[in-house]
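Novice: Next up is a structure, given as structure tokens.
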Amino acid sequence: MDILYKIFLDPFVQMGAAPDLLLQTLWEGLVGGVLYALIALGFVLIFKASGVFNFAQGIMVVFAALTLVGLYGVLTGLGISNSHVAAFVALGLTIAVMFIVAVAVEKLVLRPLVNQPDIILFMATFGLTYVLIGLGELIFGGDPKVMITQQLFLPKGAWDLQIFGGFVTFQHIDVAAAVIASLMVAGLAVFFSKTRIGRALRAVADSHKAALSVGISLEQIWVIVWFASGLVALVTGIMWAARSDVSFALQIIALRALPVLILGGFTSIPGAIVGGLIIGIGEKLGEFYWGPLLGNGIESWLAYFIALVFLLFRPQGLFGEKIIERV
Amino acid sequence: MLYREAGQFKTSYSADQAVFPILQDRIGLIAILLIAFVGIPVFGNSFLLQAVMIPFLIYSLAAIGLNLVTGYTGLLSLGTGAFMGVGAYACYKLASVFPNVNILVWIICSGFFAAGIGVIFGLPSLRIKGFYLAIATLAAQFFLQWCFVRIPWLVNYNVSNAIEVPQRKLGDVIITGPSATPTVRYLIVLTIVVVMTWIASNIVRGRIGRMWMAVRDQDIAAELMGIRLLRTKLLAFAVSSFYCGVAGALLVFMWYGGAEADTFNINQSFFVLFMVIIGGLGSLLGSYLGAALIFGLPILLRILPDAVGVPMHSATIEHISFLIVGALIIIFLIVEPHGLARLWQIAKQKLRVWPFPY
Amino acid sequence: MRFKNLMIGAVLAATAGVPAIVSTAAAQDSVYVPLFSYRTGPFAGSGIPIANGMNDYLAMLNARDGGIGGVKIAIEECETGYDTKKGVECYESTKAKNPVITNPYSTGITLQLIPKAAVDKIPVLSMAYGLSASADGSNFPWVFNPPATYWDGLSIIMKYIAEKEGGFDKLKGKTIGYIFFDGGYGREPIPLLEQFAKKYGFETKQYPVPAAEMQNQSAQWLNVRRDKPAWMIMWGWGAMNPTAVREAARTNFPMDKFIGIWWSGGEDDARPAAEGGKGYLTLNFHGVGPDYPALKDIEKHVLGKSQTQKDKFAENLYNRGVYNSVLIAEAIRNAQQITKKKVVTGEDVRRGLETLNITEARWKELGFPGFAAPVTNVTCADHNGHHAAYVQQWDGTKWVKVTDWITPMKEEVRPLLEAAAKDYVEKNAGWPKRTEVCDKK
């Protein structure tokens, strides 16, 4: 009986007793969810257009953030005094670097592996992950770096709301992250439905052969899609590193995006967002209210178990296309 | 020319269906076994045994385990590290609860515990396939790693959460613990790995192996043929986890001498997965070749600058080895998706007709 | 096709070449000191300055004095990434070159090396980290951890907290939170913490931070908000430190009630929290900053040739690395004096470590006046000495010493330590009894 009380009643009692903590937990979960959603977004973009499950998305986040901070350091070292100018120039250069990475990946990894089974492409992205790790560490060094949030006009500080007898802290940077993420998703949605290239991307996602026959250049599309994913990775990297430094430990957190994809479906952008939010909030609530029962630290696998349960009942996720296996 | 089969006639079906039908193959195998059992312990130095051969054999065993489930049955598993950990911790607990039983018995028995856990986490494989199953095994990886940290009973309530290997003997010879000589440990690991490879070879060439391969190729057709999918897949997980569990127990008891939960983290799983990919999915020889390359390359990279005389910071070597491993994986997948094992097959094929090209 | 063949050939050569290459032994006219460093990975933030400090001091001795006693020190770093596995591999691969001392720089790696040290006859110097019980020299003749163990550090923190609260009796009924790295390092002090809690009547709340979650501590600090402890003690390392300080600032935890062990005291740990980190406290047992003659020597002889960046020179963790190297150098010197040999072995350096005697005058001689407390209590039975430490506070830009030297509660710590050592020996059947010689200082 005691166990049942502890599992089913006590956490809700706690939630009611300290509503400010509940709100804070929900907010933290939301913020985490937004970041997971951003990473998942990068996955979805690439999977939709090329059918490749890009395991290297996490390291692309770190690599983009490292490049930004590194270039900023170089530029200020070269003597650009206005830090804001340096920051935005560095941002522009980083975008260029992500484009180069996209082109390189397409030429060196995707093109030679055309028509190989999915599992081979998946393994190739493993290789890509390690290449980017090694390259990033060689060029930028392994020590953690601070993200240049102020120079990018990203806000600091927090709002402390005094409600429910306690207080709830809303970090400005988190609010900014949520806003920027929504803008980006909206932008991507518009891009996919209204522009020519966006329609071409959807065509490629549907069927490579049909797209080729209509005259869409697969290679161009892949470069664009990896570049878009790189941009998403850059934004994710900036937002994530603004909360905690840029270091290679971030890459493991990217693995957390996999349950998000399962929940939302591999090919759906709204799915990635919704899935991210559900996983983020679910994880935080679970860890905070049910975690002490199990000794804490359940965050590391809770998301996977949520995803596993989902998989057993709805393998295509909330928004994904039903997987039809043709024999 | 050397590899010509001319003159070797088979006079019975069993001779024809032998695993190594060509005499040169058999001679080669015996030569390798001789070198492994006699040559290396006699001529190799302690560094070679301790830091190169023992871990290479252990990782080959783990790679065989992963190959059984991913290469032969087509079920991608990312939980190898955790299953190795289950074997290691099971062996540790068995050794501490029953200290009088020979440790080798417990090393083998720990595989059964790993097999049990493997079956539990393989249960979703009936409903989900491909990437999704990989994510289920990732759940196993993170959950089991959490268990290693949060269940103090597993580490005998040691505050630091680390386990240390007690000293154990086989007869009069010390085989575990810091006093055990590399030679003794190497021979034990070699024996266990050779025997288990032989067993695996028989499994994959028999009925069970063919069932697995049928499931890999087209599981709906396999089911229509009468193969019970759930049993086959669970058996694959069980046998694979058994191998990984024994490899884990050997890793801790015969090589490291101790472990903590972080030893069996996700990077360990990826490590073994890379060996399997590069070595060749669905090939036992590939497991060995992949293990040799993936394990040996960082060691080579570390020794090379010293040997050649170029000073390089240890951290730089580390970074370069990441770079090279990653690049190698990509290159291999482009050049030969079926891995080193296929390259070896092609080489053998060419040898059979050498000096003619066809 | 050609490219394919070339690649295949290269790969096969690499695969075949590994067993054929044998490592070479170090040159005979130098003393080989391997440093297990981590310049990569999530702990690099803490590992890089330590490695730099250790490297630079020994390199300075080589450059300025031609080594120790006329024999050069061969320094080699082995990258462990703070990973226990890689640490053990580094140990095995450096063993062949006859190292005279091991510096694992990770409690996890140290725990694995302790049983091997006696067999391989290489002393382990786990300076102010590692297994606290290894301070019992009669059971761990090959392991040393001066100047103070984790248990000493915890008792010093307790003393500081009690002082701030108005006495040990005022601790009754309060809650003290303990946020720690979920590994050997962070779990080490827990038995003593629980003992203190029982003795002084306060409640402890433990917040483990797994290695993978070091940069994502919002859950732990939410728990801190819920539990509202009066004080927070931190045992953090690497990326855990700056994240913790930042999260503490974010949840409005009073920073002057947040005290970390000496390993949580890097400048890079407190700096990222900017204004919010002001008031954060940590322990320390040596000075910070470049105003010591020996450090000026390092600047002259070594800086510019080593991997140290000019603006990170003489920061807290850099000086920590220098301190470690001073201990190594003094041990080697002692070993040379005892054995009258120039090129000493691991066994000799073990005796050198046991006879460590760095008085205040000696610190001055070495070029570090007032740098650290005298290291004079190391004996054959006590491989630690339980020396004093002080508390420093972050003022927004640098560390400021805010207390005098506080001695640890040796009467609490020593019995516990010896009991733990006995327990360790019992659990590990076949642990050798000490037969090593004990030299007088």
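The values are calculated or read from the model by the stated rules, or taken from the named source; none is laboratory data. Small disclaimer: the values here were computed from a predicted structure and weren't measured. Cβ sites come from the backbone with ideal geometry, for glycine too, and all protein chains shown count toward neighbours.
Novice: Could you please find all residues in the range B:68-87 being under 12 Å from residue B:213 (Cβ atoms), under 13 Å from the mean Cα position of the chain (by Cα) and not aliphatic (A, V, I, L, M)?
Specialist: B:71, the sole residue that qualifies.
Novice: Of these, C:126, C:134, C:46, which one is buried (at least 22 other Cβ atoms within 10 Å of the Cβ), farther than 22 Å from residue C:334 by Cβ and either more than 10 Å from chain B (Cβ to nearest Cβ) or modelled with pLDDT under 85 (or both)?
Specialist: Of the residues listed, the single one that is buried (at least 22 other Cβ atoms within 10 Å of the Cβ), farther than 22 Å from residue C:334 by Cβ and either more than 10 Å from chain B (Cβ to nearest Cβ) or modelled with pLDDT under 85 (or both) is C:46.
Novice: On to the next question. Here's a check for you: in the range B:257-302, which residue that is more than 21 Å from residue B:330 (Cβ to Cβ) and aromatic (Phe, Trp, Tyr) is surrounded by the fewest Cβ atoms within 10 Å (Cβ to Cβ)?
Specialist: As a first pass, look at the range B:257-302 and keep what is more than 21 Å from residue B:330 (Cβ to Cβ): B:257-265, B:268, B:284-285, B:288, B:299, B:302.
Subsequent filtering for residues that are aromatic (Phe, Trp, Tyr) retains B:264, B:288.
Working: B:264: 29, B:288: 24.
Filtering the range B:257-302 for residues that are more than 21 Å from residue B:330 (Cβ to Cβ) and aromatic (Phe, Trp, Tyr), the one surrounded by the fewest Cβ atoms within 10 Å (Cβ to Cβ) comes out as B:288.
Novice: Return the residues of the range A:155-171 that are of a type outside the set (A, V, I, L, M, F, W, C) and within 14 Å of residue C:247 (Cα to Cα); say none if nothing qualifies.
Specialist: Hits for the range A:155-171 are A:156, A:157, A:169, A:171.
Novice: Considering only residues that are β-branched (Val, Ile, Thr) and either assigned to a loop (DSSP other than H, G, I, E, B) or at positive phi (or both), which ones fall in the range B:179-201?
Specialist: B:181
Novice: Anything in the range C:378-421 that is in contact (Cβ under 8 Å) with a residue 12 or more places away in the chain, hydrophobic (A, V, I, L, M, F, W, C) and more than 22 Å from residue C:160 (Cβ to Cβ)? List them, or say none.
Specialist: C:378, C:380, C:381, C:420, C:421
Novice: Right, something else. Looking only at the range C:254-272, count how many residues are within 12 Å of another protein chain (Cβ to nearest Cβ) and surrounded by fewer than 23 Cβ atoms within 10 Å (Cβ to Cβ).
Specialist: 3
Novice: So residue A:289 passes all but one of these: (1) away from chain C (no Cβ under 11 Å); (2) surrounded by fewer than 24 Cβ atoms within 10 Å (Cβ to Cβ). Which condition number does it fail?
Specialist: Among (1) away from chain C (no Cβ under 11 Å); (2) surrounded by fewer than 24 Cβ atoms within 10 Å (Cβ to Cβ), the lone unmet condition for residue A:289 is (1).
Novice: Residue A:84 is checked against (1) part of a helix (DSSP H, G or I); (2) closer than 28 Å to residue A:256 by Cβ and fails just one. What number does that condition carry?
Specialist: Among (1) part of a helix (DSSP H, G or I); (2) closer than 28 Å to residue A:256 by Cβ, residue A:84 violates only (2).
Novice: Away from chain C (no Cβ under 13 Å) and in contact (Cβ under 8 Å) with a residue 12 or more places away in the chain: does that describe residue B:288?
Specialist: no
Novice: Also: So which residues in the range C:235-249 are surrounded by 24 or more Cβ atoms within 10 Å (Cβ to Cβ) and farther than 8 Å from residue C:217 by Cβ, if there are any at all?
Specialist: Of everything in the range C:235-249, those that are surrounded by 24 or more Cβ atoms within 10 Å (Cβ to Cβ) and farther than 8 Å from residue C:217 by Cβ turn out to be C:235, C:236, C:237, C:238, C:239, C:241, C:242, C:245, C:248.
Let's see how each residue does on (1) in contact with a Lys or Arg (Cβ under 6 Å, 6 or more places away or on another chain); (2) without any contact (Cβ under 8 Å) to a residue 40 or more places away in the chain; (3) surrounded by fewer than 21 Cβ atoms within 10 Å (Cβ to Cβ); (4) of a type in the set (Lys, Arg):
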position: C:332; (1), (2), (3), (4): no, no, no, no
position: C:344; (1), (2), (3), (4): no, no, no, no
position: C:357; (1), (2), (3), (4): yes, no, yes, no
position: C:369; (1), (2), (3), (4): no, no, yes, no
position: C:376; (1), (2), (3), (4): no, yes, yes, no
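Novice: Could you give me the residue pairs with C-beta distances under 8 Å whose first residue belongs to the range B:137-157 and is within 7 Å of chain A (Cβ to nearest Cβ), whose second residue is among the β-branched types (Val, Ile, Thr) wherever it lies, and which are 6+ apart or on separate chains?
Specialist: Within 8 Å, the pairs are B:138/B:266; B:142/B:266; B:146/A:298.
Novice: Residues to consider are C:437, C:391, C:413, C:425; find the one that is modelled with pLDDT of 90 or more and β-branched (Val, Ile, Thr). Spell out how you get there, then give the answer.
Specialist: On the way: C:437 fails: modelled with pLDDT of 90 or more; C:413 fails: modelled with pLDDT of 90 or more; C:425 fails: modelled with pLDDT of 90 or more.
When all the criteria are applied, what remains is C:391.
Novice: Here's something else I'd like to know. Looking only at the range A:16-25, decide whether some residue is more than 14 Å from chain C (Cβ to nearest Cβ), touching a Leu at 6+ places or on another chain (Cβ under 8 Å) and buried (at least 17 other Cβ atoms within 10 Å of the Cβ).
Specialist: no
Novice: Also: Pairs under 8 Å by beta carbon, first residue within 10 Å of chain B (Cβ to nearest Cβ) and within 13 Å of residue B:314 (Cβ to Cβ) in the range C:80-103, partner among the acidic types (Asp, Glu) and surrounded by 24 or more Cβ atoms within 10 Å (Cβ to Cβ), six or more apart or different chains?
Specialist: Between residues of the range C:80-103 that are within 10 Å of chain B (Cβ to nearest Cβ) and within 13 Å of residue B:314 (Cβ to Cβ) and residues that are among the acidic types (Asp, Glu) and surrounded by 24 or more Cβ atoms within 10 Å (Cβ to Cβ), the close pairs are C:81/B:318; C:86/C:79; C:90/C:79.
For (1) over 27 Å from residue B:46 (Cα atoms); (2) away from chain A (no Cβ under 14 Å); (3) surrounded by fewer than 21 Cβ atoms within 10 Å (Cβ to Cβ); (4) within 23 Å of the chain's Cα centre (by Cα), each residue gets a yes or a no:
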{"site": "B:102", "(1), (2), (3), (4)": "no, yes, yes, no"}
{"site": "B:113", "(1), (2), (3), (4)": "yes, yes, no, yes"}
{"site": "B:121", "(1), (2), (3), (4)": "yes, no, no, yes"}
{"site": "B:133", "(1), (2), (3), (4)": "yes, no, no, yes"}
{"site": "B:172", "(1), (2), (3), (4)": "no, yes, yes, no"}
{"site": "B:189", "(1), (2), (3), (4)": "no, yes, no, yes"}
{"site": "B:205", "(1), (2), (3), (4)": "yes, yes, yes, yes"}
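Novice: So, one more: Would the range C:189-201 turn up any residue that is touching a residue at least 12 places away in the same chain (Cβ under 8 Å), more than 22 Å from residue B:158 (Cα to Cα) and buried (at least 24 other Cβ atoms within 10 Å of the Cβ)?
Specialist: no
Novice: Scan the range A:126-147 for residues that are more than 8 Å from chain B (Cβ to nearest Cβ), surrounded by fewer than 23 Cβ atoms within 10 Å (Cβ to Cβ) and in a helix (DSSP H, G or I) and jot them down.
Specialist: If the condition is that a residue be more than 8 Å from chain B (Cβ to nearest Cβ), surrounded by fewer than 23 Cβ atoms within 10 Å (Cβ to Cβ) and in a helix (DSSP H, G or I), then A:139, A:140 are the ones that fit.
Novice: Still on this structure, I have one more. Sort out which residues of the range C:282-292 are under 14 Å from residue C:323 (Cα atoms) and either in a helix (DSSP H, G or I) or under 20 Å from the mean Cα position of the chain (by Cα) (or both), and write them in order of number.
Specialist: Within the range C:282-292, the first condition is being under 14 Å from residue C:323 (Cα atoms), and the residues that meet it are C:284-290, C:292.
Selection gives C:284, C:285, C:286, C:287, C:288, C:289.
Novice: Which one of these does residue B:176 not meet: (1) in contact with a Phe, Trp or Tyr (Cβ under 8 Å, 6 or more places away or on another chain); (2) in a helix (DSSP H, G or I); (3) within 26 Å of residue B:49 (Cβ to Cβ)?
Specialist: The failed condition is (2).
Novice: I've got another one for you. Does residue A:248 count as among the hydrophobic types (A, V, I, L, M, F, W, C) and at pLDDT below 80?
Specialist: Numbers: among the hydrophobic types (A, V, I, L, M, F, W, C): yes; at pLDDT below 80: yes.
Yes; evaluated as a whole, the condition is true for this residue.
Novice: Just to be sure I understand, how many residues within the range B:336-358 are crowded, with 17+ Cβ neighbours inside 10 Å and outside any loop (DSSP other than H, G, I, E, B)?
Specialist: Adding up the residues that qualify gives 6.
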